[in-house]
1. Report, in whole Å, the centroid distance computed from the Cα atoms of the stretch B:415-435 and the stretch A:355-383.
2. Looking only at the stretch A:272-303, which residues have a backbone nitrogen under 19 Å from a spot 7 Å from the Cα of B:Gln85 in the C-beta direction?
3. Let me check I've understood the local charge: for A:Leu183, count other residues with C-beta under 9 angstrom from its C-beta, Lys and Arg +1, Asp and Glu -1. What total comes out?
4. Rounded, prolate or oblate: which one fits the stretch B:241-400, using the alpha carbon gyration tensor with axes a ≥ b ≥ c (rounded when a/c is under 1.5, else prolate when a/b beats b/c, else oblate)?
5. What percentages, rounded to whole numbers, describe P(r) for the stretch B:14-77 computed over all alpha carbon pairs with 10 Å bin width beginning at zero?
6. Which angle from 0 to 90°, rounded to the nearest 10, does the C-alpha axis of helix B:51-64 make with the longest principal axis of chain B?
7. Based on the Cβ-Cβ distance of A:Ser69 and B:Ser231, what FRET efficiency does E = 1/(1 + (r/R0)^6) give at R0 = 22 Å, to the nearest 0.05?
8. Could you report the buried accessible area between A and B, both sides summed, computed with a 1.4 Å probe and given in Å² to the nearest 100?
There are 2 protein chains.
Amino acid sequence: MLWIPIDRSLDIPLNRQIYQKLREKILSGDLQSGERLPSTRELSSALAVSRNVILEAYDQLLAEGFLDSRRGAGTFVAKETFLQQHKDPSAFLTLNSIEKSIKEDHIINFRSGIPALDLFPRKAWSKLSHRIWNDIAPSNFGYDIPEGRLELRQALSRYLQRTRGVDCHPEQIVITSGATQALTLVAKLLLSPNDIALIEDPITDDIQSIFKASGSTLYPIPVDECGMRTSLLPEGTRPKFIFVTPSHQFPIGGTLPIQRRIQLINYARKNDCYLVEDDYDSEFRYEGSPVSSLQGLDPAHVLYIGSFSKILSPALRIGYLILPIHLIEKCRKLKWFSDLHTPSFDQLILAQFITEGYLERHIAKMKKFYKNQRDYLIHCLTTTFSTNIHILGFSTGLHLIAELNDVQFSQELLKKIEQFGVKVYPVEDHSIEKGKHHHRIILGYGHLTKEDIEKGVFKLHQALYSTNST
Amino acid sequence: MLWIPIDRSLDIPLNRQIYQKLREKILSGDLQSGERLPSTRELSSALAVSRNVILEAYDQLLAEGFLDSRRGAGTFVAKETFLQQHKDPSAFLTLNSIEKSIKEDHIINFRSGIPALDLFPRKAWSKLSHRIWNDIAPSNFGYDIPEGRLELRQALSRYLQRTRGVDCHPEQIVITSGATQALTLVAKLLLSPNDIALIEDPITDDIQSIFKASGSTLYPIPVDECGMRTSLLPEGTRPKFIFVTPSHQFPIGGTLPIQRRIQLINYARKNDCYLVEDDYDSEFRYEGSPVSSLQGLDPAHVLYIGSFSKILSPALRIGYLILPIHLIEKCRKLKWFSDLHTPSFDQLILAQFITEGYLERHIAKMKKFYKNQRDYLIHCLTTTFSTNIHILGFSTGLHLIAELNDVQFSQELLKKIEQFGVKVYPVEDHSIEKGKHHHRIILGYGHLTKEDIEKGVFKLHQALYSTNST
């Protein structure tokens, strides 16, 4: 008689247990094609379960093709139900080792671009979220349009007009899953293999990877303390676009003056190419207001990318792309075939967050907070390193650049610094033409406590100028 | 004297208004390079605003490079600040017309794949959401890992093992922004230009577009009422993968029997290719339990795609991709360069929703509801069309197929049906080899009321068999 072990302590229903065991036996060849199964009555009495349990298991196996039922003759294992077993038990051992979480608890990490996570406006967000979940019409739970919620696009276009001089209609906006998706959409919109894009050098390495993935060539334009050196824009290269971070060059930190902005626009007009403006953290400008966008100077030539990762939280994954009119339709299609649309509910919450004035109050509060952090970091750096250090790119955002003319931040030195309990990021990692920035590091300060900043600077100094390690 | 109109009724600060007006005048050439600006004292008295207001406006313009300040000599318009104006005022007229919303209020829409939106479990979701927003540690507001939250991957792997026979470690899962993103990741993982993928025919047109976008060729394998006709798998084509919807073929609706599943796996083993299993709505199987996954039969050869769009809400945009071990790292990188990761908070809420048992209760409730809808639709169709109609693919999911052998669903006829107030979807729209499915339509029923179902079927019959239109 067919023996099937069943376990009444499991939360798997008995019919499901029997189904699974029979299925395994058939697939592995323990029960072979043509073999007759016991009747439901026999099996139910042998296993001491109700006959319905067996009936349900047999029905499922019949429906899936494992069994054949011949009227009057009984139930048989169907043909072609044997599968050679192929499992590799060692594979999962590898996986368990992947699962290790890299613990960096004791490291003071000067990673750039992380906001002060403990100051996320939870209360307001949670209140608006509660309202959305309870009040919105059921239709909002369905598929949405690729460009994102009109409520958010309207709120954004008003907000950006007022604070950033961005000149756009809500229909020119596509809400994206963070700035990263906006960058991939730009690559798909504008780049084909062997195309050329002009790009600031140095520039975030992730951005280089995204653009290069399309098979195009990046032509580096060096930056100085004022951003891209537009006088070096080449003649005759026919680029598809020029990528710039004019409000706060990443990483060097400059703000592009109006003369260079005008040169960029005249170049784009003359060479019939676009400007891609990545405005990732310009809300936090500590001397005066944020600089007006490049986009506002010539909306027909500029694609503008913004993000809520720095001003709210990276975990939200909400960004946006503002497009010249004739690129809108193509971009919506690309977004649709990427992920249909960005999740609706966070968009609705964010739209409320902006229109009810929470965003601007939050930014004002954070600007004060970050200015304080920045001033404290500069104070620690200058008192610790005195004349050895030159600090740049500190007018805006969540990071600054420290330049130490007598130091080369080699891999070896960076490892030593980490052994002292500090993680810093070399500008060289983001450079295209290598070898020019070995003496510069990026110090992000938005997410650190004052205590960490002070300790971090102290340890960095120790690591650099002590004669023996740790 | 320089005249700057200011408007105290606006909520734009006065210094910002003056900054903007001066900026415009400089860019447009109204104020020319080298021209001397009035002193801050003169201008403040002329405009009757405080001197600080003017100072702030001048400082901003100095910082952005619009002005030069020469000690003792005063403030001047800087060089190279003129920009030829290029605006096209007619462009926005076009946009306003885009904004029209397509109103289909009076149409009964049998679109497939839309769940009953008014039965979304708002209360439970809202409660869990409130808890997450208030309780989680600040670190959760930062950047996350591309594969998604471990909490969700753990909950999913347990849930899928139990309910779908999916055999995976949490490390094999990548959480995606809906199944669409999982499909684009599969295309990027496995397809290069000129590669071949075998695919069911007919199959969702969006899926065809996503795979074809990689420059590869789709080789259609016809389906019958039991899914892909695996006996027609070609020899010698060296495909990269075979795409199947074995639990519930879309659109025809068949469930792939075990014999064909084994054929698929043996084919993949022999031809060293993958199987891509899209399991979009198999939770709702009305006869017995959901059919066990193809993935569980051979995890090393199957990429499994799932989604919460049908069982919860498409607006959430949460899906997942389960990968053979050696594809995991590459897929994580591709996800990172697409959008870094799927938003964290909805993942955390969903993980709780699964582990606290809400999901399975919701599915059980919805299965009853949809079965009822389905039975009512079948009842209406058979009583209205009697022997003219053949209904197939109704064992699972949110749609079925109606076959009317005496009808050809041409574009003209579809338009006529819409004039009668009903929208139906021809299978032919999803076919690769054209011309075989003109007599078949897809009828989605998950989101409709019983009243709509009854009225919709009645009107469809009217449209098909009345002699004159409307």
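The values are calculated or read from the model by the stated rules, or taken from the named source; none is laboratory data. What you are looking at is a predicted structure, and each value in this text was computed from that prediction instead of being measured. As a convention, Cβ positions derive from the backbone with ideal geometry for all residues, glycine included, and neighbour counts pool all protein chains shown. Quick note on the areas: whole protein, heavy atoms, side chains included, nothing else; ligands and nucleic acids left out. Shrake-Rupley method; radii C 1.70, N 1.55, O 1.52, S 1.80 Å.
1. Using only Cα atoms to place each centre, the spacing works out to 57 Å.
2. A:293-302
3. That sum, taken over residues with Cβ under 9 Å, equals -2.
4. Note, shape of the stretch B:241-400 comes out oblate.
5. Spelled out bin by bin, the stretch B:14-77 gives 23, 60, 16 percent.
6. 60
7. The value I calculate is 0.40.
8. Chain pair A/B: roughly 8500 Å² of buried accessible area.
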